[in-house]
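> Here's a structure for you.
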Amino acid sequence: MEIYLVGGAVRDRLLGLGVKDRDWVVVGATPEQMLDAGFKQVGKDFPVFLHPDSGEEYALARTERKSGKGYTGFDFYANPEVTLEEDLCRRDLTINAIAEDSEGNLVDPYGGQQDLQQRLLRHVSPAFSEDPLRVLRVARFAARFASLGFHIAPETLELMRELSAGDELSHLTAERVWQEFERALATQSPITFIEVLNAVGACEQLLAELCELDTTDAKQRSAALAARSSTAEQQFALLLAIATQNEGDKRAIDSIEALCRRLKSPNRYRDLALQLRRWHNALAGFESLTAIDQLQLIKQLDLLRRPERLAQLRPCVEALHLDLEITAPTLEPLLERLRTLSPQELMAEGFSGKALGEELERRQLAICAGLAAGNQSPDA
Ligand code: CTP
């Protein structure tokens, strides 16, 4: 049997990038030989095995034939006769279809190295169209490699358009769509992902809420957020705040909730997006709020107990309000002062029940109003 390194590991090394996962392809072996060598089979029918020591994926060279709709509708044909070239031919992009043998020699039958040099995302063969997930994958690679100057070949864009025009995308599961979107959000150029989906007519079906995004403006804000070393959650929240900025609050919230429900996004993504959309104007103009509104915002966001929320929201607010100088962090010192108020002390002073709550709020408001000037009571 012959074993080759394939896919992202070869591509990223040739681009001079760090390699995370390594995928291997095995030519000329049977499942029995793999099991005898100590490999563990991943699925019952799937010709993929895990290495007994490294845990890395070793797939038997295979050809695929479409047998149904969507991402899962495939018949595999894995057989010791299947050649490396045949296996590489069923892959999505030429830059992902380069193999490397144990001596470091590259096998590149479809011009992957040349496309890497020319910064081209180009499909390997018509088999590209057998997997609709590839529309999302190519959009994600375009986002990931945007800063390196990569673009999508016109003939590949055409196949992506054809795939999007049919009903194939509707067979993708929410999990697969979310997985690609989430990975795109973690790239340097998440907006490129949306731009590509729009360009091939897939955005309306998959991420309708983001179709109308002003991508030039969004790119500027997304880059400003990335410059503050952002997370995928923050980029998600920013994108949705921009996309819903011209909608009334209720519609905007409904639209964010609908998208998160449909994509089954983790709650932490949804919560941050909702908090940002609801409160970014108040946070940006915090100094000019009344004491009552300041305290309401602090309570709604639970900032006294959850300071990490402010750390997450602040860079997003700054990216949304690029024209404002939000340099004076009045909120943090205010939170510090509010935290010095303790219900226990009020109890020691004789307050209890409803009166305790009222007195606490009165003192909190006094601090917000700046009346206390270091004391805890406006009357002090
Ligand atoms: N592949 C494919 N079509 C898919 C998924 C995967 O052709 N829908 C092939 C590609 O050759 C790809 C390889 O399988 O390079 C490994 O897939 P995966 O690990 O998902 O992606 P990587 O290319 O390794 O990229 P990443 O760095 O994003 O993991």
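> Run through region 101-166 and list the trypsin sites (Lys or Arg not before Pro) located in a DSSP loop whose Cβ has at most 16 other Cβ atoms within 10 Å.
Arg119
> At a probe size of 1.4 Å, how large is the accessible area of His280, to the nearest 10 Å²?
20 Å²
> For the chain, with the dipole built from +1 on Lys and Arg beta-carbon atoms and -1 on Asp and Glu ones, taken about the Cα centre, which of Gln179, Ala202, Phe351 lies farthest toward the positive end?
So the residue we want is Phe351.
> So, taking all protein chains as they sit and a 1.4 Å probe, how much accessible area belongs to Glu85, in Å² rounded to tens?
For Glu85, the solvent-accessible surface is approximately 80 Å².
> For the chain, with all protein chains present and a 1.4 Å probe, just round the carbon and sulfur fraction of the accessible area to a whole percent.
Looking at the chain in its full context, I get 49 percent from C and S.
> Oh, and also: Projecting each Cα onto the charge dipole of the chain (Lys/Arg +1, Asp/Glu -1 at the beta carbon, about the Cα centre), which of Ala218, Ala291, Phe49 comes out farthest on the positive side?
Of the options given, the answer is Ala291.
> Just to be sure I understand the rule: take each whole DSSP H helix in the chain, project its Cα atoms onto its long axis, keep it if the span is 18 Å or more and its mean Kyte-Doolittle hydropathy is at least -1.0. Which ones pass?
The qualifying helices are 249-263, 267-284, 307-320, 353-368.
> Something else: Of the candidates Gln294, Gln33, Gln245, which one comes out as most mobile in a Gaussian network treatment of the chain with C-alpha springs shorter than 10 Å?
Of the options given, Gln33 has the highest mean-square fluctuation.
> Moving on to the next point. Can you grab the distance from the C-alpha centre of region 291-307 to the C-alpha centre of region 111-146, Å, no decimals?
47 Å
> So who's got an amide H within less than 5 Å of the one on Phe49, skipping anything under 5 residues away but keeping other chains? H placed 1.01 Å off N, in plane.
It is Val42, Tyr58, Ala59, Leu60, by chain and number.
> Let me ask something additional. Could you calculate the contour length gain from Glu287 to Thr216, that is, 0.36 nm times the residue separation minus the distance between their Cα atoms, to one decimal place in nm?
Full-extension gain reported as 22.6 nm.
> If the limit is 31 Å between Cα atoms, which of Lys20/Lys299; Lys20/Lys40; Lys20/Lys250; Lys250/Lys299 go over it?
Over 31 Å Cα-Cα: Lys20/Lys299; Lys20/Lys250.
> Be a star and scan region 74-114 for residues whose amide nitrogen sits under 15 Å from the point 7 Å along the Cα-to-Cβ vector of Ser147.
Once the point is set 7 Å along Cα→Cβ of Ser147, nothing inside region 74-114 turns out to lie under 15 Å by backbone N.
> Springs between alpha-carbon atoms under 10 Å, Gaussian network over the chain: tell me which of Leu283, Leu331, Leu93 tops the mean-square fluctuations.
The residue that fluctuates most here is Leu331.
The values are calculated or read from the model by the stated rules, or taken from the named source; none is laboratory data. Predicted model, so just to flag it, every value in this text is computed and none were measured. Using ideal geometry, Cβ is built from the backbone for each residue, glycine included, and neighbour counts are taken over all protein chains shown. Just so you know, the surface numbers come from the protein's heavy atoms only, side chains and all, with ligands and any DNA or RNA stripped out. Shrake-Rupley method; radii C 1.70, N 1.55, O 1.52, S 1.80 Å.
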